[in-house]
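The structure under discussion appears below in the form of structure tokens.
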Amino acid sequence: MQCSICKEKPATVHLTQIVGEKMQKLDLCEDCAKAKGVNDPAGFALADLMLGLGAAQEIEQAAGGAELRCGRCGFTQADFKKSGRLGCPECYKTFCEGLGGLLKTMHKGTRHVGKAPESQRASSENADRLKALQKKLEKAVEAEKFEEAAQLRDEIRQMAERTTTPKTFTR
Amino acid sequence: MRDLHAFLSPPAESARRHGPHDRIVMSSRVRLARNLRDAAFPGWAKKTERVRILDTIRPAVESLPEMKDSFSEAMDNLGALDRQILVERHLISREHAAKSAGSGLVLNHEETFSVMINEEDHLRMQALRPGLQLKQAWTALDNFDSSLEKKLDYAFDADLGYLTACPTNLGTGIRVSAMLHLPGLVLGEQINPIIQSVNKLGLAVRGLYGEGTEALGNVFQVSNQMTLGENESMIVERLEKVLAQIIEHEENARQILLEKKPKTVYNHIGRAYGILANAHSISSKETMNLLSLLRLGVDLGLFPGAERSLVDELFLVTQPAHLQKQFSDKLSAEERDLMRADMVRERLKNVSRPVVKSRPTNTSN
């Protein structure tokens, strides 16, 4: 039996794990098992390993065989294949096409729901409120309610100033 | 440099921390992974960059009110024994214990917050609580993280959430877990179906120190695996629901064992006591498995006067690094087995043999 990673040496380490309802099997040679940390049970999960392999394949497909390289940190798809980890935050943009399918199999969804840093939260909330106020302003002008329009204009101006200090907005 | 041993609470004290359901739930933990926007992840960053990251993050963490009077150290300043002690106390991961220059640890005095810097991610912060307190741990860590985000520029994407070195942690970056003592389910041979059904819910079950169903000392860790597409509260709540059910199953299993197979239970506990109280050489693995049965015996009222905290303390002090720490000379594994047995015998001197209610149907013997 051949090693499922290097596809060269004979497999001597055989792993079985039940993930969900599926039974997953993996056969590794001594060297690849060591490289993947199979001997260290705490740091090792078969699912991670399998997903890591799958991900590299998907990235390879997405790149059409060409070697993708992160412009920020120089991380390549080969590196990802080796470690199952990315190089820097920017890598998520570089490798985004290949990652989509992987994230789908790994997680409940592919879009983040949950906590966001306050600065991010404030800016998106601000944007929504600003849009709403501008709509109101247009309506007020149309209806020739100039007093209300002036008030709205001031409010919009204030908001624009506040976006630079997002701390005024909390959850 | 601060002395870690003087900083950590004595094992007797840490074994006496109580929390809800601590008969079964030994501890609760919530971990968040965070990274800086403008730096490579620790596994890819060069040493100089890692040091720069550590120098940025460490003062920010130290300045939080929660971390007043904390233990803060670069990992390369900690000896191998100290690192192993931190692992045995579940304050750092095994992976972090293997790190060198550019990695660090900030631990608060109560040992309720532990922040690993440059583990797999720039920041791995965790809130720890005794017993079942997942919500409390999450609330505390949420606040902690909110204070920290004002001082550090996190890598965050509106669609993908918090960006992490490994895509398995992407999104919320949260791992919620509880450490459970489940001797009833193991003895009743119900543990495998339970693990399988918990797995089906997208939760992972691991042993005390890793994979495999035969967990050391019947201790299991249950945690979420998915971090993207679900918010933190939902993840915490789901785990809480599952834990409530596991606790119920464990209590039932103990009850049923006592009703249907009392002799089996008493046999296991009695033998465990016999060996622990009389052995002159014992390995760490055997000690843990037998202490688990002793703990069950205490829970079932077989050792009147003995407290669970004594067992929990022994659980900690008989582990290799804790044992080594008590003796100045470096011990071989064989020597450790002798010392361990001496210590356990000594500590169990005042614990009398298990008191077993005899069955009315039994004949004279």
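Summary table
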{"read-out": "Selection from the range B:291-309 of residues that are of a type in the set (A, V, I, L, M, F, W, C) and more than 22 Å from B:LYS357 (Cβ to Cβ)", "value": "B:LEU291"}
{"read-out": "So B:VAL87, is it buried (at least 19 other Cβ atoms within 10 Å of the Cβ), touching a residue at least 40 places away in the same chain (Cβ under 8 Å) and part of a strand (DSSP E or B)", "value": "no"}
{"read-out": "For B:THR213: the one exception among (1) assigned to a loop (DSSP other than H, G, I, E, B); (2) modelled with pLDDT of 90 or more; (3) β-branched (Val, Ile, Thr)", "value": "(2)"}
{"read-out": "Within the range A:87-110, tally of residues that are facing another protein chain (nearest Cβ under 7 Å) and under 16 Å from B:ALA155 (Cα atoms)", "value": "4"}
{"read-out": "Considering residues of the range B:215-267 that are within 14 Å of chain A (Cβ to nearest Cβ) and among the small types (Gly, Ala, Ser) only, the residue surrounded by the fewest Cβ atoms within 10 Å (Cβ to Cβ)", "value": "B:SER233"}
{"read-out": "Hits in the range A:100-152 - residues which are in a loop (DSSP other than H, G, I, E, B), more than 30 Å from B:ALA165 (Cβ to Cβ) and touching an Asp or Glu at 6+ places or on another chain (Cβ under 8 Å)", "value": "none"}
{"read-out": "Checking B:HIS96 against (1) assigned to a loop (DSSP other than H, G, I, E, B); (2) surrounded by 17 or more Cβ atoms within 10 Å (Cβ to Cβ); (3) not hydrophobic (A, V, I, L, M, F, W, C), the condition it does not meet", "value": "(1)"}
{"read-out": "B:VAL115 vs. criteria closer than 21 Å to B:PRO59 by Cβ, of a type in the set (Val, Ile, Thr) and over 17 Å from the mean Cα position of the chain (by Cα)", "value": "no"}
{"read-out": "Criterion (of a type in the set (A, V, I, L, M) and over 29 Å from B:ASP22 (Cα atoms)) met by exactly one of B:ALA127, B:ALA155", "value": "B:ALA155"}
{"read-out": "Some residue of the range B:156-167 being surrounded by 24 or more Cβ atoms within 10 Å (Cβ to Cβ), without any contact (Cβ under 8 Å) to a residue 60 or more places away in the chain and more than 22 Å from the chain's Cα centre (by Cα)", "value": "yes"}
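The values are calculated or read from the model by the stated rules, or taken from the named source; none is laboratory data. Owing to the predicted nature of the structure, the values given are computational and were not obtained by experimental measurement. For neighbour counting, all protein chains shown are included, and Cβ atoms are generated from backbone atoms with ideal geometry for every residue, glycine included.
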